[in-house]
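Any read-out appearing in this document is the output of simple, stated calculations on the displayed coordinates, not a laboratory observation. The structure presented is a predicted model; accordingly, all values stated were derived computationally and were not measured.
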Amino acid sequence: MALDDILKQVPIDDVAAKLGVSHDEAKVAVEQGGAVLLSGLAKNASTSEGSSAIENALERHKGKAPAKRVDDIDQNDGGKIVSHILGADEKKVTKKLNDSKETAGIDFGKLLPILAPIVMGLIANATKSKDTTAGSQTQTGGGGLGDVIGGLLGGGSSSGGSGGVGDLLGGVLGGLFGKK
């Protein structure tokens with residue numbers, strides 16, 4: 001599983017229309033937004049409290065089919081998910097993304113709440129199969145949840161490495177998630 005799996009679940013053309021940008025611009029924005037959400041989840045999953053909160057949230061998203069249109073996505077729920085994932089850094093992250101030259105004209109304040117339920121559903125369904133074989137709760141930053149998030153990011157686990165996020169975003173995530 002990789003970030004491409006998220007792209008396959010996102011109605012890119014519908015996102016482009018909703019944001020008033022081209023398909024290619026929307027695709028780049030979805031890649032960056034998805035990577036930011038995954039990075040935030042990885043950071044949160046690195047603590048037992050954060051991992052437990054993520055697992056509880058994932059329960060609500062298991063088994064849900066991906067939306068075919070943006071209007072079918074619960075963006076209010078998405079906004080709550082974004083707030084939980086990014087916490088106090090939400091405005092700072094959104095501003096950095098909005099200020100990126102690569103995604104000029106994209107309103108990440110609108111995009112992230114669209115992406116968040118898709119990301120959570122994808123992770124929930126991926127961890128569901130791991131849960132049946134693991135037989136125990138995910139340990140801090142590792143196991144099923146960490147492996148799934150790390151796999152989506154392009155690395156093997158959620159702890160430390162930047163992997164695909166570094167390649168995708170360059171300095172956008174830099175100081176926001178403690179990576180230099």
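Some observations on this one:
- Shape of segment 70-113, Cα gyration tensor, a/c cut at 1.5: oblate
- Shape class for segment 1-117: oblate, because the ratio a/c of the largest to smallest gyration tensor axis (alpha-carbon atoms, square roots of eigenvalues) is 1.5 or more and b/c is at least a/b.
- In sequence order, segment 98-109 has phi-based couplings of 4, 7, 5, 5, 5, 10, 4, x, 8, 9, 5, x Hz under the Karplus curve 6.51 cos²θ - 1.76 cosθ + 1.60, θ = phi - 60°, and Gly or Pro positions carry x.
- Pairs of alpha carbons in segment 22-85 separated by more than 16 Å make up 58% of all such pairs.
- Centroid-to-centroid separation of segment 66-90 and segment 12-43 [C-alpha atoms, Å]: 12
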